[in-house]
């Protein structure tokens, strides 16, 4: 399908029209069988033409007719009028003639002349005027004197009196009298004409005038065919008419409009503004339309009308109209024909144009429209033709272009394919360049239509042919003969210079140019037969790394497209090379990373080891093992410097045979010397090959075992040598920097471990020493007290004696000094006692002797003593004691001491104020007795309050000086109070006063505890809270304090252990998740210490955000391996009184279970077993044991879950649970336990009450058990 | 008659020393109960020698001594510091404050009197 076809397709519709002419000739004119469009235009034109013609004619005709009509009328009327006037004039003239003639007759006076004369005149007149039929003459009086007639006999002097006759009267009056027209003989009109003479006595001449003349006149008037004239008199009566009958009938014409109008006009009826219309068209007496004109007959007042029947008048008009009509019709026809002809002429070319355009539209561009009308249409046709021609051209052009484009596109596609193929090869074999280059060259040579191609890579300044394709063997050999240094003439050389593509059109042609300077070029050209050559650079960031060259053995330049393609390939080659490089780098890095990760992991393990156990041996062993493993060596040792012996001792080994270790130990003096020597330098020292060194015994030993290389890293702490880490390798060689760095890290870890161990030892040592010192101190104090007291005895005693018995000893005068001495002695004694008390309390040797004390009297006693003190500073002493104070089990002496101390302080620091002692019972969880000593004294600042209870500090030294005292009192007071199970608190405001409050428990347990608490210092209900989270600590502590416990807190495991040892609290709450030493480790440590093992530990952990926690009330903990004694002792605490103790043993290991069961044989034990948590719970449903021995690490339902389940169920939650844990929980186990804790905790909410209850329960049972225990052991 | 100014807050000590010195006939003792009053009395009474207790309220002995030694009117009056502190640096501290001599309590009476006589003799 050609382009043209495709382009013209949209226009094509149903294909070329059938019947369309192949040429461009116009269709026949008038071919009405043409389509509607043709007809429309044609019809339009025709119609237009016709219309124009008609309109023209019509209008013309109408105008003509109209004007013609008007003019015609006008002219007719004019004619008529003229005729009328002429006739009227004639008549007038006639009358005038007659008048004048008649007038002559009047001239003669009557006096003169005779009648005969007159008669003669008259006859003469008659002869002259045929019209006058009769003449009468009247004299001035109106008498008829003469009558002459044609018809009758003349009459003379008839004497008829006609004076009253209008003829006479009117004539006289107006000179002339025209009488009305009358008829004689019924056919002849006559009128009487009378004229009066001018003279006074002239008479009147009366003539009877025959108006036949008028009739003749009238009759003679020819108006058209049927027009006629007539005359009417002043009254409108017809007096003359061609039709005499009418006249004779006396037709009254006055009704006629024209008559009326004429009469009006002549009578001057119209005014100037409204002239009487002359009626020109009216009806005649017969009612026919006529055209009429008139003329007045002057003297008579008659009107002469000339009428013409309108028909006749208008006849020409009608004729004209008819003519016009015919003409119009004819013209119409003509116009139609002409129009059709013309339209045809016009439309034809248009039609041709249309057809031609349609054809062109259909795509038939070769047709040309032929119109030869020589006008714009022809021009238009030419335009069309031009257009068609242009379209043809452009189509053709387009076709060409498209062909070209397609060619180009397919070329590009080919190239793209080639490129993508190359890329594919690159991506599929990322590490291998050979396939890439080969594919590239193959594609390049193929697409660029070259004969062969070479890929060069540059190393330094020389090029190497890395890949070749299709190269002639000679040339190939040449290229492969080592690195090429291209000269300036060769393509390569030029490329090196310009770093741009080089396109040599004909190498052979250029040979002459280079023959001198670049023989290589010549050679290459010859060997390869190259003519056209294209070489493109491979650039990596502007650096020339290679080049691709393609060669043709004919002279044919490469197209731009090909050059671009080759450049593309070059870029890809660069990418490929880069990829390979990156890949190998990546591999190297990954390896490095892998190694680093391994090292880090090892370090992590080591750190953990270091942190998790204080056992130096274990730690060092772990370190050396990891060090050897990671450094890829075969064996290692750690030496630790022994201060005392000043030598390095072998502490840990790895990968060494026992014999070797033993041997090393033997040689340790030498070895340590070597180590010391090396270690002195402070830097790692390596011996790549011991064989190469001077022989030293230590080395000999190693060499014998097969070790060749050695690396020694000193363990340094602040430049102090603590030891050395040594690794040995059987293969000689240097140790890499990485290894050395790694080992340095391990060395640091070792240092830490050693340091820790040392510190721990130190701490233990110090503790021991302190213990010892404390013991010494108490012994010392105890003995001193004796020594001090003895002389005091003498002083106090003797002075007292001398004062009391002054007269006997003659010491009356010395009373004052003696009293002073006595007082001073007492004071001293008191101080000594205080010091002793304090030291006793500190040494834990002060004993309380509780008894049942009645409080009110004791208070009275104290107050009595205090009154003196109060009086000293003029203070008021007030007592407020409840009535129901009752009894209190306490040591009365010490209670007194406490109260007195507070009261004396109050008195000391108050002057002229009030000191109040309040005593009451309160119930705040437990029952207390509260004593409050308040004063209105000087008060204390918060800083002073803080130091208050410390020994030997009073508020400040000036206070001591001013107020005396040693500052011991409050310290002792607090200690005593605490020993009693209570405490002292203070509130104070400087300048206002202070309140000291002592609370003592009023329960029996307090006393009992105090009584039976042997051994170390009894602390009362002290609970140790170990938790790293301060808020959690405070939370628990607050709750416990509110319950009446005294609380000590520790923020970490280590601190907790320390405090536990110190305080021997009655219970310990232990957070599981702590950073330094987690709960499990603390637990393990606690258990390991026999003194602390019995303290119930409650494992708690509280999740930060949600404040959830649960008390996992394990009443006791055992760690594996379990020893029989430990077990029985632990379980023994929960012995049921008077019956066998029910023990539920939950342990998954059957062997273990058997063993435990074996230990608990005997009547006193009743043992039930469960193999896992679920079984245990099942057992619990039936029987409630007294104690549960629970292994924590069990499959399925582990210990923690069991404990949680126990707590959920109220009737089980008070069963003591002894939990068994592994000795060394490794990180994984701990993690699991801890996470186990978390999962349990989420469901529980922390109820402090629970915790407290638990503690109470755990601790309440204890004293009896303790007693029992003592009995048993 | 040697006038002694004894600056001391403890009543018993005053009683004892005053009595004992006056028993020696040629001593007249006036007393001030703290350093403040001591300085005032030193100016007003013009004693020949001052026995200065060190631990006193308001103004202690060291301060009082410094003041006395700074004032030209009292500078020449010898001052013996009396202190119950038996600690190592007490003597040096007192001497540094300007005291001419130092003795401990409880007083060894003869030694004290000897020291006093010596200072008085030196002064003259």
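Scan the range A:800-827 for residues that are surrounded by 15 or more Cβ atoms within 10 Å (Cβ to Cβ) and away from chain B (no Cβ under 13 Å) and the total you get is 6. Could you list, in sequence order, all residues of the range B:30-80 that are within 14 Å of chain A (Cβ to nearest Cβ), under 12 Å from residue B:97 (Cα atoms) and not in a helix (DSSP H, G or I)? Result: B:54, B:60. What helices (runs of 4 or more DSSP H) lie completely within the range A:951-1017 and have 1 or more residues being away from chain B (no Cβ under 14 Å) and either within 28 Å of residue A:827 (Cα to Cα) or modelled with pLDDT of 85 or more (or both)? Answer list for the range A:951-1017: A:969-979.
If we scan the range A:770-790, do we find a residue that is within 14 Å of another protein chain (Cβ to nearest Cβ) and free of Cβ contacts under 8 Å to residues at least 40 places away in the same chain? Working first, answer last.
As a first pass, look at the range A:770-790 and keep what is within 14 Å of another protein chain (Cβ to nearest Cβ): none.
No, every residue in the range A:770-790 fails to be within 14 Å of another protein chain (Cβ to nearest Cβ) and free of Cβ contacts under 8 Å to residues at least 40 places away in the same chain.
Every test in (1) in contact (Cβ under 8 Å) with a residue 24 or more places away in the chain; (2) within 13 Å of chain A (Cβ to nearest Cβ); (3) out of contact with any helix residue (DSSP H, G or I) (no Cβ under 7 Å at 6 or more places or on another chain) is passed by residue B:23 save one, and that test is (1).
Listed here are the residues, each with its yes/no results for (1) farther than 12 Å from residue A:631 by Cα; (2) free of Cβ contacts under 8 Å to residues at least 12 places away in the same chain; (3) surrounded by fewer than 23 Cβ atoms within 10 Å (Cβ to Cβ); (4) out of contact with any helix residue (DSSP H, G or I) (no Cβ under 7 Å at 6 or more places or on another chain).
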site: A:719; (1), (2), (3), (4): yes, no, yes, yes
site: A:727; (1), (2), (3), (4): no, no, no, no
site: A:731; (1), (2), (3), (4): yes, no, yes, yes
site: A:751; (1), (2), (3), (4): yes, no, yes, yes
site: A:757; (1), (2), (3), (4): yes, no, yes, no
site: A:766; (1), (2), (3), (4): yes, yes, yes, yes
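How many residues does the range A:230-251 hold that are assigned to a strand (DSSP E or B) and either at pLDDT below 80 or in contact with a helix residue (DSSP H, G or I) (Cβ under 7 Å, 6 or more places away or on another chain) (or both)? Adding up the residues that qualify gives 6. When A:622, A:618 are checked against the criterion of being touching a helix residue (DSSP H, G or I) at 6+ places or on another chain (Cβ under 8 Å) and surrounded by fewer than 22 Cβ atoms within 10 Å (Cβ to Cβ), A:618 stands alone in meeting it.
When you check residue A:311 against the structure, is it surrounded by 15 or more Cβ atoms within 10 Å (Cβ to Cβ) and out of contact with any helix residue (DSSP H, G or I) (no Cβ under 6 Å at 6 or more places or on another chain), yes or no?
So residue A:311 fits the description; yes.
Taking the criterion of being under 16 Å from residue A:553 (Cβ atoms) and without any contact (Cβ under 8 Å) to a residue 24 or more places away in the chain, the residues of the range A:466-480 that qualify are A:473, A:476.
Scan the range B:84-102 and give yes if some residue there is at pLDDT below 90, within 14 Å of another protein chain (Cβ to nearest Cβ) and either at positive phi or crowded, with 17+ Cβ neighbours inside 10 Å (or both), otherwise no. No: the range B:84-102 contains no residue that is at pLDDT below 90, within 14 Å of another protein chain (Cβ to nearest Cβ) and either at positive phi or crowded, with 17+ Cβ neighbours inside 10 Å (or both).
Out of A:796, A:740, which single residue is surrounded by 16 or more Cβ atoms within 10 Å (Cβ to Cβ), farther than 30 Å from residue A:609 by Cβ and either within 14 Å of chain B (Cβ to nearest Cβ) or at pLDDT 80 or above (or both)? Steps first, please.
On the way: A:740 fails: farther than 30 Å from residue A:609 by Cβ.
So the residue among A:796, A:740 that is surrounded by 16 or more Cβ atoms within 10 Å (Cβ to Cβ), farther than 30 Å from residue A:609 by Cβ and either within 14 Å of chain B (Cβ to nearest Cβ) or at pLDDT 80 or above (or both) is A:796.
Whether a residue is surrounded by fewer than 22 Cβ atoms within 10 Å (Cβ to Cβ), in a helix (DSSP H, G or I), at pLDDT 70 or above and in contact with a strand residue (DSSP E or B) (Cβ under 9 Å, 6 or more places away or on another chain) was assessed, and residue A:1041 passes this test. Residue B:63 satisfies every condition listed in (1) in contact (Cβ under 8 Å) with a residue 40 or more places away in the chain; (2) touching a helix residue (DSSP H, G or I) at 6+ places or on another chain (Cβ under 7 Å); (3) farther than 28 Å from residue A:821 by Cα except (1). Scanning the range A:679-705 for residues that are under 23 Å from residue A:629 (Cβ atoms) and touching a strand residue (DSSP E or B) at 6+ places or on another chain (Cβ under 9 Å) returns A:684, A:685, A:686, A:687, A:688, A:689, A:690, A:702, A:705.
Against the definition (within 14 Å of chain A (Cβ to nearest Cβ), under 23 Å from residue A:823 (Cβ atoms) and within 13 Å of the chain's Cα centre (by Cα)), how does residue B:16 come out, yes or no? Spell out how you get there, then give the answer.
On the way: within 14 Å of chain A (Cβ to nearest Cβ): yes; under 23 Å from residue A:823 (Cβ atoms): yes; within 13 Å of the chain's Cα centre (by Cα): no.
Considered against the rule, which asks whether it is within 14 Å of chain A (Cβ to nearest Cβ), under 23 Å from residue A:823 (Cβ atoms) and within 13 Å of the chain's Cα centre (by Cα), residue B:16 comes out as no.
Taken over the range A:431-446, the residue count meeting the criterion of being at pLDDT below 85 and either out of contact with any helix residue (DSSP H, G or I) (no Cβ under 7 Å at 6 or more places or on another chain) or surrounded by fewer than 16 Cβ atoms within 10 Å (Cβ to Cβ) (or both) is 4. Residue by residue through the range A:506-545, note down the ones that are modelled with pLDDT of 80 or more, under 21 Å from residue A:458 (Cβ atoms) and surrounded by fewer than 22 Cβ atoms within 10 Å (Cβ to Cβ). Once the filter is applied, which keeps residues that are modelled with pLDDT of 80 or more, under 21 Å from residue A:458 (Cβ atoms) and surrounded by fewer than 22 Cβ atoms within 10 Å (Cβ to Cβ), the range A:506-545 yields A:539, A:540, A:541, A:542, A:543, A:544, A:545.
The values are calculated or read from the model by the stated rules, or taken from the named source; none is laboratory data. What you see is a predicted model; the values in this text were computed from it and never measured. Don't worry about glycine lacking a Cβ; one is built from the backbone with ideal geometry, like all the others, and counts go over all protein chains shown.
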